[in-house]
Structures are given as C-alpha cells and as structure tokens.
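Colleague: Encoded as structure tokens, here's the structure I'll be asking about.
The values are calculated or read from the model by the stated rules, or taken from the named source; none is laboratory data. Note that the coordinates shown come from a computational prediction; the quantities given were computed from them, not determined experimentally. Every residue, glycine among them, receives a Cβ derived from its backbone with ideal geometry; neighbour counts consider all protein chains shown.
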Amino acid sequence: MIGVRQNIIECARDLFMSQGFYKTPVDAIASELRISKKTIYKYFPTKEKLLNEIANNIIAGYNKRIKLILDSEMDSVEKFNKLFEYYSVQVQTISQKWMKDVKIHSPRTWRKIEEFKSKHIYSILSQLLEQGKKENLIEDVQSDLVIETITVVINHLLSPDYMLYMEYSHKEIIEFIFDSYLTGLLTDKGRMKYKKDKTKKNNKIK
C-alpha cells in the first residue's frame with residue numbers, strides 16, 4: 001500500500017510535469033489528494049524540498065532499471081537497444097515546461113539532475129564499450145573521447161533552451177544520436193548483429 005508521503009510525491013510530480021513547478025501551488029496538490037496543506041508540509045517543509053525528493057525518485061527509478069539491463073546476460077548490442085527503448089519511453093514523460101521551470105526556479109535541483117545525467121552516461125557507456133570490445137562487436141576506440149563527445153552532444157541537443165526551437169521530439173533526437181554513433185562504433189560483426197536485432201524489433205512492432 002502506498003503511503004501518504006509517496007502519494008504526495010507522485011501527485012506533485014504529475015502536476016509539476018503538466019503545469020510546471022513554479023505555477024503549481026501547494027494548494028493544488030492538497031486539493032488533488034484531498035488532504036490539508038499542513039499534511040504536505042509535515043513531510044515536505046518547502047515546495048523545493050518536495051521537488052528535490054521527486055528528482056531523487058526519478059533518479060532512483062532510472063538507476064534500478066538501468067542496473068537490471070547492465071547486469072543482464074545480453075550482449076552489448078542488445079543492451080544498447082534495451083537502453084534506447086527505455087530512454088525513448090522515459091523522455092516522453094518529461095515535459096520541456098518542467099525542465100525549463102526547474103532550471104530557472106530550482107538551480108540546486110537542476111544541478112543534481114545534470115550531474116546525475118553526466119555521471120550516468122559516462123558510467124553506462126564505459127561499461128558497454130568495454131563489453132563490446134571484448135565481444136568483438138565494438139571497435140577498439142578511445143572510450144574517453146567517444147564518451148565525452150556523446151555526452152556533450154546529448155546535453156546540448158536535449159537542453160530545455162535548445163529543445164524550444166527544435167521541431168524534433170526527444171525520441172527522434174535520441175534515436176538519431178544512438179544510430180549515428182553506434183553504427184560508427186560497431187565492427188562488421190556488430191553491425192550485422194545490430195541490423196538483425198533492429199529488423200526483429202521492427203517486425204514485432206508491425
């Protein structure tokens with residue numbers, strides 16, 4: 001059974017995502033949950049502390065799911081595909097309004113999210129590139145340089161400021177980055193595996 005605290009976090013997350021952090025008053029959360037503002041303040045003394053806890057929950061959810069993929073018995077190409085599928089779903093649940101709002105009105109929480117994203121990308125890519133090299137699915141590239149390049153591109157293209165002027169969705173941008181970099185890193189054996197997995201996936205969708 002979900003407790004009051006978790007109910008508050010989940011409700012606030014939905015409202016912040018749809019209406020923005022700044023424009024969502026605590027009254028709206030209380031009204032949605034049919035509880036008093038006093039109850040909310042009992043668990044979260046300020047709205048920013050509530051936002052910070054939402055960020056912690058999002059990060060914890062990412063970590064749990066990603067760990068399951070990375071710790072699985074799949075090869076590196078399959079893991080890349082699974083990660084892409086997971087991120088494609090997740091980015092569609094996060095609105096630009098929310099990201100822009102957090103960046104402006106809660107820089108501390110924004111820094112936490114950005115630091116997590118950078119460390120997260122580095123950790124995942126390091127592990128998968130090394131696994132792929134051992135499997136002869138990925139070329140013997142300079143991992144640090146590849147990771148740094150991908151991180152910079154992702155952070156730039158998915159920044160809320162940049163996305164405001166883009167006609168492409170998060171999913172389309174991630175797919176483009178994923179395809180462009182991965183196909184360039186794969187060995188002939190890896191590209192065959194990637195093409196085969198992608199064809200199988202597209203057939204399932206049909």
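Colleague: Of all the residues that make up region 3-29, how many are more than 19 Å from ILE94 (Cβ to Cβ), assigned to a loop (DSSP other than H, G, I, E, B) and within 24 Å of the chain's Cα centre (by Cα)?
Modeller: 0
Colleague: I would also like to ask the following. Looking at region 9-25, I want the residues that are surrounded by 21 or more Cβ atoms within 10 Å (Cβ to Cβ) and have a partner that is of a type in the set (Ser, Thr, Tyr) with Cβ atoms under 7 Å, at least 6 apart or on another chain. Which pairs are those?
Modeller: PHE16/THR24; PHE21/SER106
Colleague: Further question on the same structure: Tell me, yes or no, whether region 95-115 has at least one residue that is closer than 30 Å to LYS193 by Cα and assigned to a loop (DSSP other than H, G, I, E, B). Can you show your working first?
Modeller: Initially, region 95-115 is screened for residues closer than 30 Å to LYS193 by Cα, giving none.
No: zero hits.
Colleague: Determine, yes or no, whether VAL141 is farther than 30 Å from GLU10 by Cβ, among the β-branched types (Val, Ile, Thr) and surrounded by fewer than 16 Cβ atoms within 10 Å (Cβ to Cβ).
Modeller: Details: farther than 30 Å from GLU10 by Cβ: yes; among the β-branched types (Val, Ile, Thr): yes; surrounded by fewer than 16 Cβ atoms within 10 Å (Cβ to Cβ): yes.
So VAL141 fits the description; yes.
Colleague: Taking region 57-83 as the region of interest, how many residues are touching a helix residue (DSSP H, G or I) at 6+ places or on another chain (Cβ under 8 Å), outside any helix (DSSP H, G or I) and free of Cβ contacts under 8 Å to residues at least 60 places away in the same chain?
Modeller: Total meeting the criteria: 2.
Colleague: Only one of (1) closer than 30 Å to LYS97 by Cβ; (2) in contact with a helix residue (DSSP H, G or I) (Cβ under 8 Å, 6 or more places away or on another chain); (3) surrounded by fewer than 17 Cβ atoms within 10 Å (Cβ to Cβ); (4) at pLDDT 75 or above fails for THR151. Which number is that?
Modeller: The failed condition is (3).
Colleague: Next question. So for region 32-50 (the condition being in contact with a helix residue (DSSP H, G or I) (Cβ under 6 Å, 6 or more places away or on another chain), closer than 17 Å to THR93 by Cα and either modelled with pLDDT under 95 or of a type outside the set (Phe, Trp, Tyr) (or both)), does at least one residue qualify?
Modeller: No, region 32-50 contains no residue that is in contact with a helix residue (DSSP H, G or I) (Cβ under 6 Å, 6 or more places away or on another chain), closer than 17 Å to THR93 by Cα and either modelled with pLDDT under 95 or of a type outside the set (Phe, Trp, Tyr) (or both).
Colleague: From the list SER76, SER72, SER88, pick out the single residue that is touching a strand residue (DSSP E or B) at 6+ places or on another chain (Cβ under 7 Å), closer than 30 Å to LYS198 by Cα and either surrounded by fewer than 18 Cβ atoms within 10 Å (Cβ to Cβ) or hydroxyl-bearing (Ser, Thr, Tyr) (or both).
Modeller: On the way: SER72 fails: touching a strand residue (DSSP E or B) at 6+ places or on another chain (Cβ under 7 Å); SER88 fails: touching a strand residue (DSSP E or B) at 6+ places or on another chain (Cβ under 7 Å).
Unique residue meeting the criteria: SER76.
Colleague: Sticking with this structure for a sec: Determine if region 53-60 includes at least one residue that is under 19 Å from the mean Cα position of the chain (by Cα) and small (Gly, Ala, Ser). Walk me through how you get there before you give the answer.
Modeller: Step one: filter region 53-60 for residues under 19 Å from the mean Cα position of the chain (by Cα), giving 53-60.
Subset that is small (Gly, Ala, Ser): 55, 60.
Looking for residues that are under 19 Å from the mean Cα position of the chain (by Cα) and small (Gly, Ala, Ser), one finds at least one in region 53-60, hence yes.
Colleague: Hey, another quick one. Have a look at LYS133, LYS112 and point out the one that is at pLDDT 95 or above, surrounded by 12 or more Cβ atoms within 10 Å (Cβ to Cβ), of a type in the set (Lys, Arg) and out of contact with any Pro (no Cβ under 9 Å at 6 or more places or on another chain). So that I can check it myself, show each step before the final result.
Modeller: On the way: LYS112 fails: at pLDDT 95 or above.
When all the criteria are applied, what remains is LYS133.
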